[in-house]
Amino acid sequence: MLRRAQRAVFPASASASASTCAPASTSAPAAPAVPVVPVVPAVLAALLVAALGSGCSAGSGEPGGHASAKPAHGQEVAHKPGSAAARAAYAEKVRRTQAARAVAAKKWGLAKTPLAAPPPPAVKPKITTRKGFEVEGGENLPPVFTTVPVKGKKVVFLTIDDGSEKDPELLRMMSELKIPYTAFLSDYVINDDYGYFKQMRDRGVTLNNHTLNHPYMPGLSYDEQKYEICGQQKVLQKQYGKRPVLFRPPFGNYNVDTLRAAKACGIKAAPIWAAEAFPDHMEWREWDRDMHPGDIILTHFRGSDEWNGSMTDMVRHVMKVITDKGYAVGRLEDYV
Ligand SMILES: [Zn+2]
């Protein structure tokens, strides 16, 4: 039934690929090019100062990466935010993190060492629904977007959906590489092993809502959609102790009732995606088939039986693409 609904939406393609995953309610909009603001050193310095002033650091963008950012007791006032000492301490921390990453990259067979993400913003950007993705009556409902406003910084975000494949190697690999990612989970594929995602949470990954049963949401009534979203909120709260604020509609399909229901369940934003990663290729939403600052990348918890490789193969491939294009992976929760 799910597949039938999906096929009805995407008659030309059996898969919900990035290039065909525009909401059914909108014709695939001509992708507005994301303006690339050149990052001049002065801007970088300002960002650095802002990040230090807010107590943020590059390390806070990484699972478990915050530990070394904490000064020893009594050293709290050692470095004034923005001071030369603070900048030096920050640079030293980035250097150490990158050295550890280089070792992990070799161990896990990555073509290159992943780049260090820029410091997260002191204040999260205001996010609005992407042009062409609005629904009537959707004002004041959670925004739907494919790209996060990052002021031209070469940072993208990695998100992993559903949850059927539970590969322990993925947990170790991402922790050792210090690559942040965000999960969107559906109960029907995680309920045979909630423990796997507890380990993920304990490694600093935020677990978000992707419905109970992964239905085609616009085919359901408001009440049915609310059951799917609020039901999954309850499951995630019970299992992992936290009620998510992010929701991703299955297949990227939604209508105004989806967003109304999401809001009623406590959801603040509905990030979808600009590109989709597979173990052997990428699929792009934009006409230029390229990456842009702030793009959200989708991939799935899938095994070799479902696609052409393992989860770690997928990470190797997507990280090669991201790094070759000069991008770093940031932590979505630092921005959204
Ligand atoms: Zn999904």
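Things to note:
- One residue from Gly252, Gly294, Gly241 being surrounded by 18 or more Cβ atoms within 10 Å (Cβ to Cβ), more than 16 Å from the ligand (Cβ to nearest atom) and on the phi > 0 side of the Ramachandran plot: Gly294
- Residue match in segment 181-195 (condition: more than 16 Å from the ligand (Cβ to nearest atom), under 30 Å from Ala104 (Cα atoms), touching a Phe, Trp or Tyr at 6+ places or on another chain (Cβ under 9 Å) and in the same structural domain as Val321 (by TED's automatic domain parsing)): yes
- Condition check for Glu228: crowded, with 22+ Cβ neighbours inside 10 Å and at pLDDT 95 or above: yes
- Scanning segment 144-165 for residues that are surrounded by fewer than 20 Cβ atoms within 10 Å (Cβ to Cβ) and either away from the ligand (no atom under 12 Å from the Cβ) or farther than 24 Å from Tyr227 by Cβ (or both) yields Pro149, Lys151, Gly152.
- Gly204 vs. criteria surrounded by fewer than 21 Cβ atoms within 10 Å (Cβ to Cβ) and in contact with a Gly (Cβ under 8 Å, 6 or more places away or on another chain): yes
- The condition of being closer than 22 Å to Leu298 by Cα, without any contact (Cβ under 8 Å) to a residue 24 or more places away in the chain and not hydrophobic (A, V, I, L, M, F, W, C) holds for Arg243.
The values are calculated or read from the model by the stated rules, or taken from the named source; none is laboratory data. The shown structure was predicted, so the numbers you read here are calculated from the model rather than taken from an experiment. Reconstructed Cβ throughout: ideal geometry from the backbone, glycine too, with neighbour counts over all protein chains shown.
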